[in-house]
Amino acid sequence: MTFTTGTRVGDTTGGRLFEAFLKPLDAAGLGEFRRIVASGARGRVLEVGAGTGANLRWYDGAVEALSLSDLKIAPLLTLRAGRRGLADPVEADVTALPFADASFDTVVSTLLFCSVPDPGAGFAEIRRVLAPGGEWRFVEHVLPARPSMARTFRRVASAWRTLAGGCNLDRDTVAALRAAGFEVELLGSGGGGAIVAGVARPSRALAAASASV
């Protein structure tokens, strides 16, 4: 892996409290989904919405270079990146990534697109920075397929969005990815279908059209 030196960081208390909040979900299966998607990353890797750096421990020797980005950089992410000799995380919106076309072989995200205001713009940016043959490995919480759960999610979605900083409980991100021209392979689901892990690849037709531009 290609490493550079990190910098000093601020207070990491907020990040550690957030991880404590997520700990029951990690124990219930989210942690295993994180492992599955991150440990499968290969080549030049970009993690978008890197949060507190909870996925860093799962990247292995198949990763040649690792870049981290998020809308707002958590001090805990900077601390963990520095300890691993990684470059400082880049503050960037997933809908406007500051990276060249075809820069990465793998993009990784976990629990990101529930709160992106314009998911389609984010999908397009990830597609843009992926190299030919690249893949996007993701974990998302989505609208459950089970009707009773879906009704509950829809009923509380508005209040939850307000309480949770724009997090949407009622998005069908997998369907949106397919509609945006990605071929999606599901790697697993949990919580009655409310959490899914998968791999998204630009469709062959879309990839061919992009290559001809």
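So the values come out like this:
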| item | result |
| --- | --- |
| Among the candidates Arg161, Arg171, residue that is in a helix (DSSP H, G or I), farther than 19 Å from Ala50 by Cβ and not aliphatic (A, V, I, L, M) | Arg161 |
| Residue tally, condition assigned to a strand (DSSP E or B) and either of a type in the set (A, V, I, L, M) or touching a residue at least 60 places away in the same chain (Cβ under 8 Å) (or both), over the range 181-206 | 13 |
| Where a residue in the range 160-177 is at positive phi and its partner, wherever it lies, is among the hydroxyl-bearing types (Ser, Thr, Tyr), with Cβ under 6 Å and at least six apart | Gly166/Ser115 |
| Single residue of the range 187-199 satisfying the filter (modelled with pLDDT of 95 or more and touching a Gly at 6+ places or on another chain (Cβ under 6 Å)) that is surrounded by the most Cβ atoms within 10 Å (Cβ to Cβ) | Ala197 |
| Sole residue being closer than 19 Å to Val37 by Cα and part of a loop (DSSP other than H, G, I, E, B), chosen from Phe123, Phe113, Phe138 | Phe113 |
| Candidate set: the range 62-117, residues that are polar (S, T, N, Q) and farther than 17 Å from Ala41 by Cβ; chosen: the one nearest to the chain's Cα centre (by Cα) | Ser115 |
| Given (1) crowded, with 16+ Cβ neighbours inside 10 Å; (2) touching a residue at least 40 places away in the same chain (Cβ under 8 Å), number of the condition Glu64 does not satisfy | (1) |
| Unique residue being closer than 19 Å to Ala164 by Cα and modelled with pLDDT of 95 or more when the list is Phe138, Phe113, Phe123 | Phe113 |
| Residues of the range 3-56 classified as at pLDDT 90 or above and among the aromatic types (Phe, Trp, Tyr), total | 1 |
| Search result, residues across the range 82-91 that are in contact (Cβ under 8 Å) with a residue 24 or more places away in the chain and either under 28 Å from Pro202 (Cβ atoms) or among the charged types (D, E, K, R) (or both) | Arg83, Arg84, Leu86, Ala87, Asp88, Pro89 |
| Scope the range 76-110; condition touching a Phe, Trp or Tyr at 6+ places or on another chain (Cβ under 9 Å) and on the phi > 0 side of the Ramachandran plot; matching residues | Gly85 |
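The values are calculated or read from the model by the stated rules, or taken from the named source; none is laboratory data. Here the structure is a predicted model, which is why all the values come from computation and not from measurement. Note: ideal-geometry Cβ built from the backbone for every residue, glycine included; neighbour counts use all protein chains shown.
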